[in-house]
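Computed from the coordinates by the stated procedures, all read-outs in this text should not be read as laboratory data. Note that the structure is a prediction, hence the values are computed from the model and not measured. Backbone-built Cβ (ideal geometry, glycine too); neighbour counts: all protein chains shown.
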Amino acid sequence: MQVSRLMRLAVSARLTWFSLVGFAVLVAAAGLAAQALAEEPQSDGPISQAAKLSAASFQVEPGYTVTPVASEPLFANPVAFCFDPAGRIFIAETHRVHHGTEDNRNHMDWLDDDLAAQTVAQRRAYIERRMADKLNHYTESSELVCLLEDRDGDGVYDHSSIFSEGYNQIEDGAAAGVLWLGDRLWFTCIPNLWELRDADGDGKAEERKSLASGFGVHFALFGHDLHGLTEGPDGKIYFSLGDRGLHVETPNGVLTNPDSGSVLRCNPDGSELELFATGLRNPQELAFNEYGDLFSVDNNSDSGDRARVIQIVEGMRTGWRMSYQYLPDRGPFNREKIWHTQNDEQPRGIVPPIAHISDGPSGLCYYPGTGMTPDCRNCFFLADFRGGAAASGIMRFRLEQQGAGYKLADHSMFMKGILATDCDFGPDGNFYVADWIDGWNGTGMGRFYRIADDKPELVAAREQSARELKEIPSLAVDKLIALLSNANFRVRQAAQRRLVAIGSDTAQPLQQLAADEQANQLARLHSIWALGSLAIEQPALFNELAKLCQGSDAEVRNQAARVLGRARHLPNQEPSKFGPTLVALLEDASLRVRASAATSLGSLKFEPALAALLKAAGTDAAASDPIVRTGIVVGLAGSQPAAALVAAAKDANVTQRIILTLALGKQQSAEVAKFLNDADEAVVLEAAREIWDVPIPAANAALADVLNKVKPTNEPLVRRALAANQAMRTAANLKQVIEFARNPQAPAAMREHAWDLVGHWAEPSPRDPVHGQWRPLAPQPQAEVVAALAAAWPVGEGAEFSDSTGAVVAAELGLPAALNALPKLLADAKLDGALQARAIAALDHADDAIAEQVIAIGLQSKSPAARTAAGRLLAKRFPAKAVGHLKQTAEQAKTAERQAALETLAKIDLPEARDVIAAWMTRVEDGSCPPELLLEVLDGAKASSDKSLVERAERFAAKQAASDVPAEIYASSLAGGNRAHGRELFLSNESLSCRRCHSLKPGEQLVGPSLADVGAKRTPSEIIESITRPNAKVVEGFQTTSMLLDTGMVVTGIIRSEDDKRAVLLNADGKEVEVDMETVEDRVQGLSAMPEDLMKYMSPRDLRDLVAFLGSRRKASGEAAEDSAAGHQIEE
């Protein structure tokens, strides 16, 4: 089976057919579908006409031109690409989107299985169990690596072949990363890190070796794959994994990080694989700057958070967990402001982001320094993939050093209108971009563009760097040493790589260069990195590196200190001799030096560094600079036994004690529990975070015990202490939770949370109450919970339970005293309506006298929720009596109660109840039924035991479905929706992911337009059309249009205005172009980035609620407008 070849042939056949019947235009900037525009040949060469038109439509910075260099049918669905030294392009193509690589948002029924999986084998097992009859779905499509070649040397790629395929196992993920290294290709495709080699030079990889396996223990979200391959200045290979997690067995033990994204590194032969950083969400690409610092842009979680520029340092955490995605508020990620830039509410154990830019970070690269305009100096280029070309493009940003880290200096859009997945610089010095073309799922096509400013001096610079790269393999050592001062980062890196490959003969000139304080700084840094690699085989070189720690250049000291950490591989006590040198650097004037020295002390396990590290931990820098703090934590955790860390706290200040706590957490030591007794609650909080978040189960008992000893307003601490009590499961723990729930000093929300834990104590959720991680607990007899509540219930005549929520929870669990107290509780006019409703429902099994008393109280309540609950209880306990009341309510009450009455009537299987529904069905048929009740009547009729009523409802539904008008098809969703539930769908429903593309803030453009005032601009019918048929009308400013004029010219841009006589388009240069409509022979318009299949994930009721919520957004401020005819809900 060669499915990938069939796909390629299918694409080719489709384009050949177009060339026979007409001129196919596929404008990439708008992601247009193929449509015939004119009787012209499709292409006069290997580049499709569509790619040429697309190139003309992009907006790029002045002076730069966009040239297509490859297009369909040569390749399809490009995720990532790389070059080899000869200029060949290797493209990671994906063909398993929803055909093997799944997304939990489309399978929420298996979410628990996915959260529970801790290995790839476990993930495969649950798929085999759940999808036993559809397993071929997971193997019919293969990922592949495509090889493009420019065989005639004209700058256009004219030959394509499949370099490697056969990645179609059930557990295989997306092809997402490629890196040419020496004479072979590294390729990432979950669950494996592959090494591919073309031994005979025929363009196909005959040799395929898995260097590591076990990546992707979850499905999580599509695109959260294994990717980001890049070579570090230390000669190691770095790569990233989204939050699909890993469990990788290596010769040195098991690497496990099942619940967050990671950055890993290993040697070029795959050995010494290690976790470098954790706590990321989906760092799609990695890039080093010229100082050897590593960066990524991590994606947002579609909850109002922002994508984050992150500096990635050894041993760091950034605070994300895969399970946060399935919490409506994203848990601590939002609550504790983890995604925000540095602030006082964040956990001290994370490295916060530098800045927020982009909404769909994908490819990332660093400008090598030559070949582009001067304003590109020190810039990163980022592919911003937003699902639609019009809002996507290439961003450019620049960082500046600040403390031990960086700050954002500036950023801008370099290129607009392209749905780019990756970008990089080729060996010819030019900038290249891969184009996905349209949508989220792939089109079976792909484009490749070169972006260049062809001023003579820039062309000359690119040609020079290309020549130098080609010459490097044959250059003598002195020439290579000279190239370490080259203006081009990649030339310097290639020269460094070659010097290391040559070996010991290069050590002496490298030492001389590194020690020369008058030499070019960047050249000295490359010599240090090269010496670090050579020192693995020539340990004496570490002595020379140690000398550089005394130099006058702070960056040289920083890099020397960083490289000394590699001496950990030396035998016996050899590494310790560099400890004193590094200890001295802990007081360096440069914070970068301090952070690197501390990290290397941890790597060397230099135990005598305790006092110096502790002193460094007490400085203002450790308190304020997260990079410095992380370095000290790594240093302490790596160099000290747990007992020493605990003992060091005796005379330590608050900052020092926090850092000691973090170090113990990194060691996963239960000794961290001793810091729960600290006098400063800031230290206690960090200890609680380490215990619950790491986690360290052996310390749960101690964490549970602090619940009623700390401030009840410290929510992050209290949540974890409550969770620890639940996890311990003893009667004493339950008593502590009840005590907290009854504490009037505790915030209402936390008391509600505690009572919820009590209510589910017997059978708790398998997901932990802080993070939503899979941490199942054993069930307990409910009688034990009832007994604990009984013990807390006040005794004596007239005694009352002071907490209304607790009383209702106790009643729901069946405590007799609580059930008897409910009538009096319900008589309290101040009782919250939602709580009244719960109290009424709790009396379902009460004796008739109490039930009747409660129903009577409930029906007279001022709360719609209570009245509805009373009506439901009446129907359940006394159905014959309920029919008349419900019939009257359906006619006369407010909308939400009328809806509830009809729903309840439909569940009463009595002739008189069926007659009421039948009468309402007649109103539906004659058009007199209020639109806000249409859904309840139809649902009730379809569920009836009266077959004739069912048939009437089905005939009406069939008539609706036959219409071509969305508002008629979904007429039952036009009015009467629950705004609150619609808001929840918009903000939190993972299958819909509305928030991923639309903001509710005025003027904030994400993938699609802001919906802050959509209710003022669109009718409910138009909103339904936009949701169910997103391409029927694309919002102005989010659709690119191409017009074929009678002169043969094509004008492409975003429509700014249009009438019968003229149209004004904003073109790729940002200029307005006026078009006489009489000259337009044909036109095509772009597709919306919005998925067309959203109704797969919504019921008509969900649609109605979402329409109600969006319809309520009527003010420019984004606030909901009051509207008595929309957004009805039974709430207070």
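The residues neighbouring Gly173, those whose beta-carbon lies less than 10 Å from its own, together hold a net charge of -3 under the Lys/Arg +1, Asp/Glu -1 convention. Distance between the modelled labels on Asp848 and Met108, one decimal in nanometres: 4.2 nm (7 Å Cα→Cβ projection). Which lysines does Lys470 reach when only Cα atoms under 27 Å apart count, and residues fewer than 8 places away in its own chain are ignored? List returned: Lys204, Lys236, Lys455, Lys479.
Placing R0 at 30 angstrom, the Cβ-Cβ distance between His137 and Leu777 gives a FRET efficiency of 0.30 after rounding to 0.05. Descending by average beta-carbon neighbour count within 10 Å, the peptides 964-970, 749-755 line up as 749-755, 964-970, the highest first.
Placing +1 on the Cβ of every Lys and Arg and -1 on the Cβ of every Asp and Glu, with no other charges, gives the chain a dipole of roughly 2240 debye about its Cα centre. Placing unit charges on the Cβ atoms of the charged side chains and taking the dipole of the chain about its Cα centre, the candidate lying farthest along the positive direction among Ala962, Ala1108, Phe448 is Ala1108.
What the Cβ-Cβ distance of Lys711 and Asp946 gives, at R0 = 56 Å and to the nearest 0.05, is a FRET efficiency of 0.40.
Among the listed values (1) 251, 75, 52; (2) 112, 97, 78; (3) 100, 85, 52, the one matching Cα extents along the principal axes in Å as calculated from this structure is (3).
What separates the Cα centres of the stretch 110-165 and the stretch 416-459 is a distance of 24 Å. Our summary gives the stretch 95-190 a relative contact order of 27 percent, counting only alpha carbon pairs under 8 angstrom and 6 or more residues apart.
Angle of helix 3-21 to the longest C-alpha principal axis of the chain, folded into 0 to 90 degrees and rounded to 10: 90°.
Across the options Ala839, Leu934, Cys146, the greatest Cα extent toward the positive end of the charge dipole of the chain (unit charges at beta carbon of Lys, Arg, Asp, Glu) belongs to Ala839. Stretching the chain fully between Glu400 and Gln745 yields a gain of 119.6 nm (0.36 nm per residue, less the alpha carbon separation).
Counting charges near Ala507 (Lys, Arg +1; Asp, Glu -1) among other residues having Cβ under 11 Å from its Cβ returns a value of -3. Length available on full extension from Arg335 to Phe878: 0.36 nm per residue minus the Cα-Cα distance, which gives 190.9 nm.
Here the label points at Arg955 and Val654, each 7 Å from Cα along the C-beta direction, are separated by 7.6 nm in the simple model. Averaging the Cα positions of each part gives two centres, and for the stretch 195-237 and the stretch 699-758 these lie 46 Å apart.
Entry note, the chain: relative contact order of 8 percent, from Cα contacts under 8 Å with a spacing of 6+ residues. Length gained on full extension, Ala698 to Glu587: 36.3 nm, using 0.36 nm per residue less the C-alpha separation. The alpha-carbon of Lys907 sits under 21 angstrom from the alpha-carbons of these lysines, leaving out residues fewer than 8 places away in its chain: Lys876, Lys881, Lys887, Lys894, Lys942, Lys947.
Specify which residue in the list Ala616, Val69, Leu1044 is farthest towards the positive end of the charge dipole of the chain, using unit charges on the beta carbon of Lys, Arg (+1) and Asp, Glu (-1), about the Cα centre. The Cα lying farthest towards the positive end belongs to Ala616.
Once you've got the Cα coordinates, tell me which of Lys337/Lys1096; Lys547/Lys605; Lys407/Lys605; Lys337/Lys1001; Lys1017/Lys1096; Lys577/Lys615 are over 24 Å apart. From the list (Lys337/Lys1096; Lys547/Lys605; Lys407/Lys605; Lys337/Lys1001; Lys1017/Lys1096; Lys577/Lys615), the Cα-Cα distance tops 24 Å for Lys337/Lys1096; Lys407/Lys605; Lys1017/Lys1096.
Computing FRET efficiency as 1/(1 + (r/R0)^6) for Val1073 and Glu752, where r is the C-beta to C-beta distance and R0 is 60 Å, gives about 0.55. Can you give the local net charge around Pro427? Use residues other than it whose beta-carbon is closer than 15 angstrom to its beta-carbon, Lys and Arg +1, Asp and Glu -1. Charge balance in the 15 Å sphere: 0. Per residue of the chain, the DSSP helices (runs of n ≥ 4 H) give a summed -39500 (n - 2.57) that works out to -11500 deg cm²/dmol at 222 nm. Projecting label points 7 angstrom from Cα along Cα→Cβ for Asn1031 and Lys209 puts them 4.7 nm apart.
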